[in-house]
Structures are given as C-alpha cells and as structure tokens.
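Asker: This is the structure I want to talk about, given as structure tokens.
The values are calculated or read from the model by the stated rules, or taken from the named source; none is laboratory data. Owing to the predicted nature of the structure, the values given are computational and were not obtained by experimental measurement. A quick note on method: Cβ atoms are made from the backbone with ideal geometry, for glycine too, and the neighbour counts reach across all protein chains shown. Calculation scope for accessible area: heavy atoms of the full protein, side chains included, ligands and nucleic acids excluded. Shrake-Rupley method; radii C 1.70, N 1.55, O 1.52, S 1.80 Å.
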Amino acid sequence: MNRFLVASLSLAGALASLPAAAQFQKPEDAIKYRQSAMALQGNHLGRVFAVVNGRVPFDPKATADNIEIVALINRLQFAGFVEGSDKGGNTRAKPEIWTEKDKWNAAVAKSQEDVNKLAAAGKSGNLDQIKVAAGAVGQSCKGCHDTYRKD
Ligand code: HEC
C-alpha cells in the first residue's frame, strides 16, 4: 500500500471510532455546546415547572411542546462530553465524568428514561401525570449536578 492510502485509511478509522469528538474542533467548542444545550433545556423545563407549580395556567399544547424541546435537547447534550473536554473554557464539569464512565453513563440513562416518561405524560395531556414525571426529571437533573457539576 502506498503511504497516502495508509494515511487515509487510518484517518478514516480514527473518525469512525471518534464520531462525537470529530464534531468539535477544540475542547472549548464541546464545552460551549453542552453548556448551551443544558441552559436551553433548563429554560424549557422551567416553563413546564411554572405550570406544575401553578404560576402559569395549564395549556396542554404549549406544555407538550416545551416537554418535547426538553426531550430533544436531552438527547443532544450528552454528546458534548467528549474525551479531552474535562478542561478548557469555563467548564464546571468534574473530572469524574471521564474516570467513572459507568456511573456517568447510568446517570445519563436515568435522565433520558425520566425525560421519556415526561414526554409520554406531556402527550397524554394529563396534568397530574405531568406533575409526577416532571418531579422525577427535576430529581435526576439535580442528582447528576450534585455528583458531576462543580458549584
Ligand atoms: C448526567 C449528568 C447530568 C444530567 C442528567 C443533567 N445535567 Fe445539567 N449539567 C451537567 C454538567 C456536568 C454540567 C456542567 C457542564 C459544563 O460546565 O461543562 C451541567 C450544566 C447545566 C446547566 C448550566 C449550563 C451553563 O450555562 O453553563 C444547566 C442550566 C443545566 N445543566 C440544566 C440541566 C437540566 C434542566 C437537566 C435535566 C433535564 C440537566 N441539566 C441534566 C450534568 C448533567
């Protein structure tokens, strides 16, 4: 094989094994991505909680829309925690995210499970179900922040 072919094959291999990392040029980009996603998610979950806490009247369609946005962003945000982005920017992510992979993945899975239940409750249009499911989501957000986010 000529050298060019060897080089491009190994590059293709590296890209295939690092699909998430390849989307970010620098650690700072990954950090900005996940912080923006988390912030947006927090905003839309806040709108759901405003209804749950009775501060805003219950509009089933608007609430379901906000929940769908939370669910979509929840699927995206964890892609921002790529290897090598434990430092850089103004990250508050703790290094344990990358050293306790199994526990971190379990926290991610728990969050996604709770958000999926909230999405189902949102579609049902039943406020009592939404209240219960939103409470669980709030707990899994907080649980992960307590463990993996610096104050
Ligand atoms: C599996 C862990 C985990 C889960 C679950 C999680 N977060 Fe986070 N969140 C983090 C980490 C880590 C950071 C710090 C990221 C950084 O600074 O690089 C963060 C940061 C944030 C921030 C601050 C963003 C900023 O502007 O810097 C908000 C807001 C936030 N999360 C909201 C939420 C909400 C709402 C949920 C639940 C729907 C949630 N998070 C679920 C780990 C998690």
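Asker: Of (1) charged (D, E, K, R); (2) surrounded by fewer than 14 Cβ atoms within 10 Å (Cβ to Cβ); (3) under 21 Å from Asn43 (Cβ atoms), Lys131 satisfies all except one. Which?
Answerer: (2)
Asker: May I pose another question? Which residue, of Gly46, Gly54, is exposed (fewer than 15 other Cβ atoms within 10 Å of the Cβ), within 11 Å of the ligand (Cβ to nearest atom) and at pLDDT 95 or above?
Answerer: Only one candidate qualifies: Gly46.
Asker: Show the residue pairs that are 6+ apart or on different chains and have beta-carbon atoms under 9 Å apart, the first residue being within the stretch 117-144 and under 16 Å from Ala71 (Cβ atoms) and among the charged types (D, E, K, R), the second being open to solvent by less than 20 Å² (accessible area, probe 1.4 Å) and part of a helix (DSSP H, G or I).
Answerer: Close Cβ pairs (under 9 Å, with a partner that is open to solvent by less than 20 Å² (accessible area, probe 1.4 Å) and part of a helix (DSSP H, G or I)) amount to Lys117/Ala133; Lys117/Val137; Lys123/Ile67.
Asker: Now a separate question. Within the stretch 67-112, track down each residue that is touching a Leu at 6+ places or on another chain (Cβ under 8 Å) and free of Cβ contacts under 8 Å to residues at least 40 places away in the same chain.
Answerer: Answer for the stretch 67-112, where residues must be touching a Leu at 6+ places or on another chain (Cβ under 8 Å) and free of Cβ contacts under 8 Å to residues at least 40 places away in the same chain: Ile69, Ile73.
Asker: Among the numbered conditions (1) near the ligand (Cβ under 8 Å from one of its atoms); (2) out of contact with any helix residue (DSSP H, G or I) (no Cβ under 9 Å at 6 or more places or on another chain), tell me where Gly80 comes up short.
Answerer: If we test Gly80 against (1) near the ligand (Cβ under 8 Å from one of its atoms); (2) out of contact with any helix residue (DSSP H, G or I) (no Cβ under 9 Å at 6 or more places or on another chain), just (2) comes out false.
Asker: Now, a different point. For the stretch 130-151, how many residues are part of a helix (DSSP H, G or I) and either among the charged types (D, E, K, R) or in contact with a strand residue (DSSP E or B) (Cβ under 6 Å, 6 or more places away or on another chain) (or both)?
Answerer: Narrowing the stretch 130-151 to residues part of a helix (DSSP H, G or I): 130-148.
Then drop every residue that is not either among the charged types (D, E, K, R) or in contact with a strand residue (DSSP E or B) (Cβ under 6 Å, 6 or more places away or on another chain) (or both), which leaves 131, 142, 146.
The total comes to 3.
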